[in-house]
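Laboratory data are not the source of any read-out in this text; all were calculated from the coordinates shown. Everything quoted here is computed from the prediction, not taken from an experiment. Cβ placement follows ideal geometry from the backbone for every residue including glycine, while neighbour counts extend to all protein chains displayed.
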Amino acid sequence: MSKYAFLSAWRFNSLKVRLMLSALLMIVIVLPIIGITLNNAFEVQIRSAVKNELSAYSYSILAVAEVEDNHLFMPGQLLENQFNVIESGLYALITSKGKTDDILWSSRSLLGIDTPSNLVTPQVGQSQFLESVIEGKAHLIYSFSASFTSNASDGEKSFPLTLHIIKDQADLLQVIEQFKQQLWSWLFILMLLLIFVQIAWLKWTLKPLLTLKSELAMVEQGKAEKLQASYPQELEQVTNQVNVLLKTEQMQRKRYRNALSDLAHSLKTPLAVMQSQNDLSATSSEQITIINHTIEHQLKRAQSAGESSWHLGISMEPIAKKLCNTLGKIYRDKNLTIRETIPQQVIFKGDEADLMEILGNLMDNACKAAKSEVSLKVEENENQLFFSIEDDGQGISDSQKQTILNRGTRADTYQQGHGIGLAIVRDLVASYQGKLSIENSSDLGGAKFVILFNS
């Protein structure tokens, strides 16, 4: 998996990121839909209001119209003054039913304006509402057909006509545009406000999880022995179980260590008595010594806390410095230069005795094999902890490297300097799910032991 794919998977595996993305997705989708719906509803509503307005104008004009002898008579002035003002934006004309080019009457406001060519003639008693472009401007046209009774000398006759009310859309479009701008401006402000509120709400909601993460980190670093914060009901059972697990694990480790310590003392006393007998042969004495060493070795392995699910973290720097100072005094005759490079913030998530056992054995072997210089480096990178111990001795052959790392092989059969204690180190590293490898030191020329732990 590439670095970018790993980061992408990690981000989407975060509960906080998931909640944030889902909330942002809802805001980005829902608010625009609301805006489009409101804008369409407003436009439909305002056009309906204009249609009702034009319909009212048509009734007021038809109310003052008179037909006699098949002729239409209209007053010189209409009640609505906009019909009397030239190019006012509100116009009216009457055409013969079915003959849109036969204009019976037009309002004064229509003077100087070309008559639209796409007028319609609905059925008598029916109306029709449409849009048209007149002299490059958008207009609304309301057409209504009616029939009058004409009193002629040869009797009454019907006089059908169609009234057309024409209104400029400039004001209407301006109102719609203003509403649209205000609507989207406020929706944008609301979107920002909701995002801010969502972030604050998520931080407040996820705060117990962040507290739990912080307390778990303190437990791993050895700064706390249990979870002490107050948690919501949904997390209370989990945190209580974690505390029970921590307490049980600590008590169990203590019981194991006490029992093994008692076992060591109970075995050492009979062995010491047997070893003090004068009538023992050299072979028996040697075998008792081997048994004694074997017991000490196996006890150290059994006392390892590496199999524990929870580790109290400890700072590596003071332990490593103390160990290097002690080894410098022990091997003062060799005049060794022991260098250590350890960041202050590095934490080993395990038992202090195990760390001392691992570093002590490897550093001691390096000092024995070295001619003049030993190096200890510790690095932490992407949740991994690296140890490297190097010396300027003769090194280890490739055949011995593989043999040393084979489980079940006695490490004390190898050359002086790298055999003693490697079995203990190998098992301790394995108990922490770590990896031990042996390389050639490119800097010092001797052996290089590299240990990798997943932190």
Open item on the list: Between Ala259 and Val197, what's the calculated FRET efficiency when r is the beta-carbon distance and R0 is 51 Å? Round to 0.05.
Closed with: 0.30
- [ ] Find the Rg to Rh ratio for the range 65-168, where Rh is the Kirkwood radius over alpha-carbon pairs and Rg uses the same atoms.
- [x] 0.99
Open item on the list: Using a 7 Å offset from the Cα along the Cα-to-Cβ direction at both Lys180 and Ile330, what is the distance between the two label points in nm, to one decimal?
Closed with: 8.4 nm
Open item on the list: Taking the Cα centre as origin and putting +1 on Lys and Arg beta-carbons and -1 on Asp and Glu beta-carbons, what dipole magnitude results for the chain, to the nearest 20 debye?
Closed with: 2300 debye
Task: Cα-based helix-to-principal-axis angle, 15-64 vs the chain, degrees rounded to 10 - done: 0 degrees
Task: Stretch in the chain that is longest and holds no trypsin sites (Lys or Arg not before Pro) that DSSP places in a loop and that have at most 11 other beta carbons within 10 Å - done: 1-406
Task: Folded to 0 to 90 degrees: helix 316-330 orientation relative to the chain principal axis, Cα - done: 20 degrees
Task: Mean projection area, nm², convex hull over Cα of the chain - done: 41.1 nm²
TODO: Can you pull the one-decimal nm distance between simple spin-label points at Leu31 and Leu271, each 7 Å off the Cα toward Cβ?
DONE: 7.5 nm
Open item on the list: Explain nothing, just compute: Karplus ³J(HN,Hα) = 6.51 cos²θ - 1.76 cosθ + 1.60, θ = phi - 60°, for every residue of the range 271-276 in order, whole Hz, x for Gly and Pro.
Closed with: 5, 5, 5, 5, 6, 7
Open item on the list: Show me, for the range 277-288, the HN-Hα J-couplings you get by feeding each phi into the Karplus relation (A = 6.51, B = -1.76, C = 1.60, θ = phi - 60°), rounded to Hz, glycine and proline as x.
Closed with: 5, 6, 8, 6, 6, 4, 5, 5, 4, 5, 5, 5
Task: Nearby lysines by direct alpha-carbon distance to Lys99 (threshold 19 angstrom, same-chain neighbours under 8 apart not counted) - done: Lys157
- [ ] Using a Förster distance of 35 angstrom, determine the FRET efficiency expected from the C-beta separation of Trp105 and Ile46, and round it to 0.05.
- [x] 0.75
Task: For the range 311-454, convex hull of alpha carbons as volume per residue, Å³ - done: 103 Å³
TODO: Would you mind ranking Val374, Val30 by Cβ crowding within 10 Å, fewest neighbours first?
DONE: Val30, Val374
Task: Trp105 long-range amide H proximity, modeled H, under 5 Å - done: Ile94
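Multiply the residue gap between Thr289 and Ala138 by 0.36 nm, knock off their C-alpha separation, and tell me the result in nm, one decimal place.
Roughly 43.3 nm would be gained on extension.
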TODO: Anything over 24 Å Cα to Cα? Flag those among Lys322/Lys349; Lys371/Lys435; Lys322/Lys371; Lys329/Lys401; Lys213/Lys247; Lys223/Lys321, in the order listed.
DONE: Lys371/Lys435; Lys329/Lys401
Task: the range 327-397: radius of gyration over Cα atoms, expressed as a fraction of 2.2 N^0.38 Å - done: 1.18
TODO: Determine, from the Cβ-Cβ distance of Asn383 and Val238 and an R0 of 22 Å, the FRET efficiency 1/(1 + (r/R0)^6), rounded to the nearest 0.05.
DONE: 0.45
Task: Whole-Hz couplings from phi, Karplus 6.51/-1.76/1.60, listed for the range 161-174; x for Gly and Pro - done: 8, 10, 9, 10, 9, 10, 10, 5, 8, 4, 5, 4, 5, 5
